[in-house]
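Take a look at the structure below.
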Amino acid sequence: MGQCCFAGNRRPGFCRPEEPLEIRIEIMPRNKFSSMAIKPAHLWCSLFLSLFAASSVTQAAEPGPDRPRDLSGLVGQCMTCHGPAGVAENPQWPVIAGQNELYLGKALRDFRSGRRQDGMMKLMTEQLTDRDISELAHYFSQIKPRGGLHQ
């Protein structure tokens, strides 16, 4: 049998010429630690996942009081029922656009605590922090109501 000379291995009879090259390389580790070596694909995946995780943690961190937060997700949830401009099409849901900020904040806190009863609003306010409530109340108090069924 001939000699195999890939990866520094020169042991006779170890490689068979009919095997594809990539299989021969996988069969012949350079040393006992080669199987533990990080392959380039694994390295890139690990790097990508660690960067993704780090950015998620950074985004999840609460911004300081001097940095505005992105309220679009919370505002969007409110607008599902209360309309795109805080004016609901359904007369059973109140207009929240232009409403007094203190009133909105108190109403949301009361729904969250259960002092004010409404199943849907209880669900919507359960996860809100005091800061979320204050910022939502401020946001909707600044909108000028336009149109809608009940003005």
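Where a number appears in this text, it was derived from the coordinates with a stated rule and is not lab data. These figures come from a predicted structure and were not determined experimentally. Because the Cβ atoms are built from the backbone with ideal geometry, glycine has one as well, and the counts that use them run over all protein chains shown.
Structure data summary
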read-out: Pairs with Cβ under 8 Å, 6+ apart, first in the stretch 101-124 and in contact (Cβ under 8 Å) with a residue 40 or more places away in the chain, second of a type in the set (A, V, I, L, M) and assigned to a helix (DSSP H, G or I); value: Glu101/Ala137
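Listed here are the residues, each with its yes/no results for (1) touching a helix residue (DSSP H, G or I) at 6+ places or on another chain (Cβ under 6 Å); (2) loosely packed, with under 15 Cβ neighbours inside 10 Å; (3) of a type in the set (S, T, N, Q).
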{"residue": "Asp110", "(1), (2), (3)": "no, no, no"}
{"residue": "Ser113", "(1), (2), (3)": "no, yes, yes"}
{"residue": "Gln117", "(1), (2), (3)": "no, yes, yes"}
{"residue": "Ser141", "(1), (2), (3)": "yes, no, yes"}
